[in-house]
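Chemist: What follows is a structure written as structure tokens; I'll ask about it next.
Any read-out appearing in this document is the output of simple, stated calculations on the displayed coordinates, not a laboratory observation. Owing to the predicted nature of the structure, the values given are computational and were not obtained by experimental measurement. Note that we place each Cβ from the backbone using ideal geometry, even for glycine, and neighbour counts take in every protein chain shown.
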Amino acid sequence: MLNSYHSLISNSPSDLTTYSNTTAFLMETLPNCNWVGFYFVHNNQLILGPFQGKVACEVIPFDKGVCGHVATTKKPIIVDDVHLFPGHIACDEASQSEMVIPLFYNDEFIGVLDIDAPIKNRFTNEDLKYTQDITKRMFQEIKKGNLLP
Ligand code: SME
């Protein structure tokens, strides 16, 4: 799988292209997911970036939702049941479980990758490792990091 991803993004013409195809690749390779996307840090908030899935909230404060939680802790999280997570933001009401990982570019925290599933208990530590391996490979291709000005 990582080899296919490597072929997909090698020699990508822009960071936007790389981020966009990364969301599509994860959506295709992680079964039973309904939303995959990036939020980038901008003015101490998270702003919606490239994604796959239903329209989503555009701005998430650091103290709101699972994404904001990860922006604060800078640690990945697997939420087995989003309805039990205080302050969870429901962009797609079908979402039942969620995995969010922090993103670092040259040691700077630049945003999060958010993946939602329409079933509870969807994400395993193996999924987390797989997604982290993908983002590690992604950052070998990324030139500027955060897409926002
Ligand atoms: N559920 C997220 C918000 C983003 S959407 O799911 C796309 C959260 O609680 O931070």
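Chemist: Quick one: Cα centre-to-centre distance for the stretch 110-136 and the stretch 1-73, in angstrom?
Modeler: If you average the Cα positions of each part, the centres end up 10 Å apart.
Chemist: Given a cut-off of under 8 Å on Cα pairs at least six residues apart, what relative contact order in percent is computed for the stretch 2-141?
Modeler: Dividing the mean separation by the residue count of the stretch 2-141 yields 25 percent.
Chemist: Sticking with this structure for a sec: Filter the GluC sites (Glu not before Pro) in the stretch 42-112 down to the DSSP loop ones having no more than 15 other Cβ atoms within 10 Å, then list what survives.
Modeler: The qualifying sites are E58, E93.
Chemist: If you don't mind, there's one more thing I want to ask. Can you give me the long-range amide H partners of Y105? Hydrogens built in the peptide plane at 1.01 Å from N, cutoff under 5 Å, separation of 5 or more residues or another chain.
Modeler: I110
Chemist: Still on this structure: Give the Kirkwood hydrodynamic radius (Å, one decimal) of the stretch 87-149, defined as one over the mean of 1/r across all pairs of different Cα atoms.
Modeler: 13.2 Å is the Kirkwood radius here.
Chemist: So what's the projected area for the chain, the Cα convex hull averaged over all directions, in nm²?
Modeler: 8.0
Chemist: Before anything else, pin down the relative contact order of the stretch 62-149: Cα pairs under 8 Å, at least 6 apart, normalised by residue count, whole percent.
Modeler: Averaging sequence separation for qualifying contacts and normalising by length gives 25 percent for the stretch 62-149.
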